[in-house]
Amino acid sequence: MQVKYQAIILGGGQQAGSMLFPLCQDYSKGLLPICNKPMILYQLDVLESVGFGPQDILILITRNHQAVGDLVQRRAEVVYVSDDSDSGSALLESCEKIKKDFILLSCDTMIGANILNLLDFHYSTKATITCLIKEEDLDKKQGRAPISCNLNESFDIMFIGSDHSLLHIINQEDDDQASLSVTRNVLLSCESVQIMTNLFDTHIYVCQYEVLELFLNLNKQKLEIQNWKEEFLPYIVKHQRNVNLLNLIAKKEQSLFQERKQQQFSIKVFITQDYARRLNNIKDYQQANFESVIKGNKGIPLYQGVQDFQLQYPQDARISPDSVIGEGTRIGNKVTIQRSIIGKNCTIGDHVKISNSIIMKNVVINSNCIIQHCILSNESAVGHATELNKCNLGNLASVEPNQKLVDECIIR
Amino acid sequence: MSEFYAVILADNYDNQFNHLTNTLPKSLFPFVDDLIIEHQINWLSKNEIDQIIILYRNEKIAEYFNNRKRLGRKTQNIQLINILDSKSSGDALRELYSHGIIQQDFLLLFGDVITNISLKDVINKYHDQRKEDKMNILLMVAHQGTQQYEEERFLYVLESDDKLFQLIDLQQKQIKFNKKHITLTKGMPCKYVIRSNLIESGIYICNRDVLKSFQENFMWAEIKEDFIKYMTTTSDIQEEKIHLYIAPKIQVSQRIFHPQSFHNACLKYLSRFFFPYCPQQQYYVDFFKYFAGRVDQKAKISDQCFIGQNTDVKPKVTITKSIIGKNCKLGIGCEIINSILWDNIEIDDNVIIKDCIVASGCKIKNSIQSQIVTMENQKNVKQLSNFQKYDDNTFQSEDSDEESDSHELHQKKPKENDDQGLKEDMIDIVAKCQTVSQVRQAIINVDTIKVNSNIAFENIVIAFMAAFLDTIQPDIDSLKNAYALWEEFIVRFVSETEVLCYIKSIETFCRQNQQYHLNQFLQLSYKHQILSEQVILNYQNQMAAVEDDQFAKEFTQSSQQFKEYLENIIAEQEQQQTQDEQGDGEYEYEYVYE
């Protein structure tokens, strides 16, 4: 049981999964499987391995994600927040349940780093907020870059001081001006400041309890700060030396022998080279799935041990070794499966070719289909002799027989 | 190494050391035990650089080198080049280029650098960089440390491999990086480092191309402002690059920009910062004290002091963190604090010298503070008489400004706490001033009187107000003119503690003379920023609360409008302040280093 910290997982709000259309049409983002295991279970496993017990983990979700709540109710405490709340306001609503310093995660980040190191770093540097940042590095020996952690075009430009503090953060997309301007005091505050563009924010923040109070006070002043990452964090980084901000943090009563509480506000970054990926869009989701099936040396420790059982399938089925097939799936004759992940209890007809696809539970694929680069959600069905290329099917969607579809999104 | 020249720019083009550099160039200043230029030549020869070119402007350097005999050292080849017509270091470099001596690379050294940086690594790095790219033409040497002086405060933006990308001076509050110059691509490893703990040392290793560029751009005057700035800001067009060599932490340098840095450099030298360049070991006593002369046991010498040869330190002399040259004579009971005394100086008994630089050959009879004394101006030095330990009789207050309007004031002996005398003086001063420049003169005069006679601000204000109020007429225009004329004076002497007696004196005056209205005085005072809103409001409230006073009642009535106006202003300010606090209340940050 973690004594010092509490974990808070932002399980999904109204807009969760908006970039994952159509997968999240009727389905919670937290339940989307990576290698047949729902995303949110990865988060819980990581936290449990560090020592967070059910009483230390809070999951904040809105009512429409009740399925997530049911899944995890024995492993964490579920708090339902109001439907239109954003990440910041969700925190505010559940603030009575937050009693200690907390680590804030979102449900869609896959992390391979050791959280204990992060917590130790936070404690030893007495930081107010520590962000876990992954550094993307060029693989110099191979001469090519590994695939980056988010396949968006936008990236953050961060100014990191020599004592690991985060001095300034600008998102490349937002900034349209021709020049990058920083105040002088920011650059003077540390001996040397590095401008880094290859850092990826994993949305894992370890915060002291005062940060919540600060957030509360800022809201009282009607500053309209709702979203944690997009509004609150840049605001804090910008004003971290501002005396007035410090005054908003309530001063604790000082007893005679207690050390005077430091009023320094410091935001530090903990840079790791371990695996991290944020799954809020289709490309990243696919990429994570494919990374999860890599075995051997290059395999990512996070995904080891997920698939542990053997499956019976007919002899003339050609299934490549980097595919994963779930329990209870029936595979027909002359089926070719290449580099795909197939969930539980699916039915795959005869003469089907599946490559580079992600197929979730209870899916029916009739015979003679060719499915390439697709994602088929739960309980969808594909008719006879249909060719699907780069299509994504939502929950309970079905495709007519004899179709040839390229680049489509199909919902019920 | 035989082709490698060292070029010393043995002159400065600024007048920080105003009086001294009129006669003696900065390179010939004595620095603790030797001249600055000798220290530099010593350093160069220890780093195996024997070919030295000295660019000089002042004839004294030529004289010095002609008469120079140094025993027991390797003979260096020293060439002197006269740059008599130059007005800036750029001109000097152009002159050097025209002589055509430099064929390849050279080391450029400013004439005021004291350093112990080892040049071997520097030159190696320079040659490596040249091999990589012929376009690396300048290697700046910098060392790590806290930036202390205005001239040192720059931000160094470096790319990988210590290439200098940009040098930002810290005048502006917002620092802009031009996005066209910076390549910010996603996923690239860190490229730019901004360092604020580097200090330029004034040593540059340059290629002949540097001289060529100066020749081509004949408007360029300074190395830093023009050349380096040009190279870094137009780096997308230019191909020439400037690199930076960062010395390891024990190698430092100090440039002597102005008297404070001069003193600081001397103390550092004594504290063995520039090891292995230190004063001679045989003179070392303890705690960084070096006694080359005779020091009496009853003299009190603090740490970090240097006493030159043949200097006799008599008993009861106190020396704190100062450097005393050769053949000096210090009288009994002297105090020398934070000063630099050169050679052959005579100081009378019981004299205090504080924060001064005294040039060779001077005789000091009176206490001085924060002066630079040379042979020429030693008689005109402004003397101080404020030290309680000593008798007032030994001091004379001398005139400091030749063009003072009221000569007769200063030639009287100072009267201690003589109010009558002060009042007369004040009346004289006020009577004579018709223009603003005369008022400024009067400020200086009154300052001197105040210091000489140790008069409190309050007395001055009272005396002045008496004289001032005598000169004005009842009509509003005369008042306005009078205030406009004396604004600077009043602002100078009426600070927060004196406002009360200021207002009081006006009030008494108005009570006595019914034609004058206190309200008008207050409004004018507010307009000329002599009194703040809060003070006036407090006074008005106070007057409103007074009972049984006809004057007070009249005043309260007539000033009602003004009072409301002031209250509005204060309310606005408070609103503004809360808005500011929510916004960008940046607070002046102090350097915090590990």
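The values are calculated or read from the model by the stated rules, or taken from the named source; none is laboratory data. Here the structure is a predicted model, which means the values were calculated and not measured. Methodologically, a virtual Cβ is constructed for each residue, glycine included, from the backbone with ideal geometry; neighbour enumeration extends over all protein chains shown. Ligands, DNA and RNA are excluded from the accessible area calculation, which covers all protein heavy atoms including side chains. Shrake-Rupley method; radii C 1.70, N 1.55, O 1.52, S 1.80 Å.
Between B:GLN144, B:GLN148, which is modelled with pLDDT of 85 or more, open to solvent by 40 Å² or more (accessible area, probe 1.4 Å) and not β-branched (Val, Ile, Thr)? Break it down stepwise before answering.
Working: B:GLN148 fails: modelled with pLDDT of 85 or more.
From the options B:GLN144, B:GLN148, the qualifying one is B:GLN144.
Counting only residues that are surrounded by fewer than 19 Cβ atoms within 10 Å (Cβ to Cβ), under 25 Å from the mean Cα position of the chain (by Cα) and not polar (S, T, N, Q), how many does the stretch B:302-320 have?
1
May I ask you to list the residues in the stretch B:97-113 that are within 13 Å of B:ALA10 (Cα to Cα) and open to solvent by less than 20 Å² (accessible area, probe 1.4 Å)?
Step one: of the stretch B:97-113, the residues within 13 Å of B:ALA10 (Cα to Cα) are B:108-113.
Hits for the stretch B:97-113 are B:LEU108, B:LEU109, B:GLY111, B:ASP112, B:VAL113.
Pick out the one residue from A:SER49, A:SER28 that is hydroxyl-bearing (Ser, Thr, Tyr) and surrounded by fewer than 20 Cβ atoms within 10 Å (Cβ to Cβ). Reasoning before the result, please.
Details: A:SER28 fails: surrounded by fewer than 20 Cβ atoms within 10 Å (Cβ to Cβ).
It is A:SER49.
Which residue pairs have Cβ atoms closer than 6 Å, lie 6 or more positions apart in sequence or on different chains, and pair a first residue in the stretch B:188-214 that is within 14 Å of another protein chain (Cβ to nearest Cβ) with a second residue that is in a helix (DSSP H, G or I)?
Here the result reads B:ILE194/A:LEU187; B:SER196/A:LEU188; B:ILE199/B:GLU152, each pair linking the stretch B:188-214 to a residue that is in a helix (DSSP H, G or I).
Restrict the check to the stretch B:275-298 and report whether at least one residue is part of a strand (DSSP E or B) and of a type in the set (A, V, I, L, M).
First pass over the stretch B:275-298, keeping only residues part of a strand (DSSP E or B): B:284, B:289-291, B:294-295.
Checking which are of a type in the set (A, V, I, L, M) leaves us with B:295.
For the stretch B:275-298, residues part of a strand (DSSP E or B) and of a type in the set (A, V, I, L, M): present.
What about A:TYR42, is it out of contact with any Gly (no Cβ under 7 Å at 6 or more places or on another chain) and open to solvent by 20 Å² or more (accessible area, probe 1.4 Å)? Spell out the reasoning first.
Numbers: out of contact with any Gly (no Cβ under 7 Å at 6 or more places or on another chain): yes; open to solvent by 20 Å² or more (accessible area, probe 1.4 Å): no.
So A:TYR42 fails the test.
Would you say B:GLN166 is modelled with pLDDT under 80 and surrounded by 22 or more Cβ atoms within 10 Å (Cβ to Cβ)?
On the way: modelled with pLDDT under 80: yes; surrounded by 22 or more Cβ atoms within 10 Å (Cβ to Cβ): yes.
Criteria met by B:GLN166.
Scan the stretch B:114-140 for residues that are surrounded by fewer than 13 Cβ atoms within 10 Å (Cβ to Cβ) and closer than 15 Å to B:LYS46 by Cβ and jot them down.
B:LYS120
Mind counting the residues in the stretch B:210-224 that are among the small types (Gly, Ala, Ser) and in a loop (DSSP other than H, G, I, E, B)?
Initially, the stretch B:210-224 is screened for residues among the small types (Gly, Ala, Ser), giving B:213, B:221.
Next, only the ones that are in a loop (DSSP other than H, G, I, E, B) stay: B:221.
Summing the residues that are among the small types (Gly, Ala, Ser) and in a loop (DSSP other than H, G, I, E, B) in the stretch B:210-224 gives 1.
Give me a count of the residues in the stretch B:113-157 that are among the hydroxyl-bearing types (Ser, Thr, Tyr) and within 14 Å of chain A (Cβ to nearest Cβ).
Step one: of the stretch B:113-157, the residues among the hydroxyl-bearing types (Ser, Thr, Tyr) are B:115, B:118, B:126, B:146, B:149, B:156.
Checking the rest, the ones that are also within 14 Å of chain A (Cβ to nearest Cβ) come to B:146, B:156.
Residues meeting the conditions: 2.
Is it the case that B:LEU500 is surrounded by fewer than 20 Cβ atoms within 10 Å (Cβ to Cβ), within 15 Å of B:LEU531 (Cβ to Cβ) and in contact with a Phe, Trp or Tyr (Cβ under 9 Å, 6 or more places away or on another chain)? Can you show your working first?
Details: surrounded by fewer than 20 Cβ atoms within 10 Å (Cβ to Cβ): yes; within 15 Å of B:LEU531 (Cβ to Cβ): yes; in contact with a Phe, Trp or Tyr (Cβ under 9 Å, 6 or more places away or on another chain): yes.
Against the criterion (surrounded by fewer than 20 Cβ atoms within 10 Å (Cβ to Cβ), within 15 Å of B:LEU531 (Cβ to Cβ) and in contact with a Phe, Trp or Tyr (Cβ under 9 Å, 6 or more places away or on another chain)), B:LEU500 qualifies.
When residues of the stretch B:334-346 are filtered for being farther than 14 Å from B:PHE306 by Cβ and open to solvent by 10 Å² or more (accessible area, probe 1.4 Å), how many remain?
4
Conditions: (1) touching a residue at least 40 places away in the same chain (Cβ under 8 Å); (2) in a strand (DSSP E or B). A:HIS65 meets all but one. Number of the miss?
(2)
What do you reckon, is B:ALA484 assigned to a helix (DSSP H, G or I), surrounded by fewer than 15 Cβ atoms within 10 Å (Cβ to Cβ) and not β-branched (Val, Ile, Thr)?
Working: assigned to a helix (DSSP H, G or I): yes; surrounded by fewer than 15 Cβ atoms within 10 Å (Cβ to Cβ): yes; not β-branched (Val, Ile, Thr): yes.
When the stated conditions are applied, B:ALA484 passes them.
Among the residues of the stretch B:61-83, write down those that are assigned to a loop (DSSP other than H, G, I, E, B) and at pLDDT below 80.
We begin by selecting, within the stretch B:61-83, every residue assigned to a loop (DSSP other than H, G, I, E, B); these are B:67-76, B:83.
Hits for the stretch B:61-83 are B:ARG68, B:LYS69, B:ARG70, B:LEU71, B:GLY72, B:ARG73, B:LYS74, B:THR75, B:GLN76, B:ILE83.
Considering only the stretch A:8-22, I want to know if a residue exists there that is crowded, with 19+ Cβ neighbours inside 10 Å and touching a Phe, Trp or Tyr at 6+ places or on another chain (Cβ under 6 Å). Steps first, please.
In the first step, residues of the stretch A:8-22 are kept if they are crowded, with 19+ Cβ neighbours inside 10 Å; the result is A:8-13, A:16-17, A:20, A:22.
Filter once more, so that each one left must be touching a Phe, Trp or Tyr at 6+ places or on another chain (Cβ under 6 Å): A:8.
Yes, that holds for at least one residue.
Being open to solvent by 50 Å² or more (accessible area, probe 1.4 Å) and either touching a residue at least 40 places away in the same chain (Cβ under 8 Å) or within 15 Å of A:ASP156 (Cα to Cα) (or both) is the filter here; which residues of the stretch A:216-233 pass it? It would help to see each step written out before you state the result.
First, pick out the residues of the stretch A:216-233 that are open to solvent by 50 Å² or more (accessible area, probe 1.4 Å): A:216, A:220-224, A:226, A:230-231.
Answer for the stretch A:216-233, where residues must be open to solvent by 50 Å² or more (accessible area, probe 1.4 Å) and either touching a residue at least 40 places away in the same chain (Cβ under 8 Å) or within 15 Å of A:ASP156 (Cα to Cα) (or both): A:LEU216, A:GLN226, A:GLU230, A:GLU231.
Does B:ASP226 meet the test of being open to solvent by 30 Å² or more (accessible area, probe 1.4 Å), at pLDDT 75 or above, at positive phi and not basic (Lys, Arg)? Full working, then the answer.
Working: open to solvent by 30 Å² or more (accessible area, probe 1.4 Å): yes; at pLDDT 75 or above: yes; at positive phi: no; not basic (Lys, Arg): yes.
Judged against the criteria, B:ASP226 is not a match.
Run B:TYR516 past the list (1) under 25 Å from B:ILE460 (Cα atoms); (2) crowded, with 18+ Cβ neighbours inside 10 Å; (3) modelled with pLDDT of 75 or more and report the number of the one that doesn't hold.
(3)
Which pairs turn up if I take residues in the stretch B:331-349 that are in contact (Cβ under 8 Å) with a residue 40 or more places away in the chain and closer than 17 Å to B:LEU28 by Cβ and look for partners that are among the hydroxyl-bearing types (Ser, Thr, Tyr) and crowded, with 17+ Cβ neighbours inside 10 Å with beta carbon separation below 6 Å, at least 6 apart in sequence or on another chain?
Qualifying pairs under 6 Å: B:TRP342/B:SER360; B:ASP343/B:SER360.
Could you tell me whether the stretch A:61-72 includes any residue that is of a type outside the set (Val, Ile, Thr), more than 28 Å from A:GLU231 (Cα to Cα), open to solvent by 20 Å² or more (accessible area, probe 1.4 Å) and out of contact with any strand residue (DSSP E or B) (no Cβ under 8 Å at 6 or more places or on another chain)? Break it down into steps so the answer makes sense when it comes.
Step one: filter the stretch A:61-72 for residues of a type outside the set (Val, Ile, Thr), giving A:63-67, A:69-71.
Filter once more, so that each one left must be more than 28 Å from A:GLU231 (Cα to Cα): A:67, A:70-71.
Those left that are additionally open to solvent by 20 Å² or more (accessible area, probe 1.4 Å): A:67, A:70-71.
Of the ones still in play, those that are also out of contact with any strand residue (DSSP E or B) (no Cβ under 8 Å at 6 or more places or on another chain) are A:67, A:70.
Yes - at least one qualifying residue is present in the stretch A:61-72.
Give the stretch A:187-221 a look and list any residue that's farther than 23 Å from A:LYS100 by Cβ, more than 10 Å from every other protein chain (Cβ to nearest Cβ) and in a loop (DSSP other than H, G, I, E, B), or say none.
If we filter the stretch A:187-221 for residues that are farther than 23 Å from A:LYS100 by Cβ, which is where we start, we get A:187-201, A:221.
Next cut, more than 10 Å from every other protein chain (Cβ to nearest Cβ) only: A:201.
None - no residue of the stretch A:187-221 is farther than 23 Å from A:LYS100 by Cβ, more than 10 Å from every other protein chain (Cβ to nearest Cβ) and in a loop (DSSP other than H, G, I, E, B), so the list stays empty.
Output the residues belonging to the stretch B:9-60 that are closer than 12 Å to B:ASP112 by Cβ, among the small types (Gly, Ala, Ser) and in a helix (DSSP H, G or I).
B:SER27
Of everything in the stretch A:114-161, what is modelled with pLDDT of 80 or more, surrounded by fewer than 16 Cβ atoms within 10 Å (Cβ to Cβ) and more than 17 Å from the chain's Cα centre (by Cα)? Give them in sequence order.
A:LEU116, A:ASN117, A:ASP120, A:TYR123, A:SER124, A:THR125, A:LYS126
For the stretch A:68-94, name all the residues that are in a strand (DSSP E or B) and more than 26 Å from A:GLU210 (Cα to Cα). Write out each step before concluding.
Residues of the stretch A:68-94 that are in a strand (DSSP E or B), as a first pass: A:77-81.
Hits for the stretch A:68-94: nothing passes.
Only residues that are under 27 Å from B:HIS258 (Cβ atoms) and basic (Lys, Arg): list them for the stretch B:133-182, please.
B:ARG153, B:LYS173
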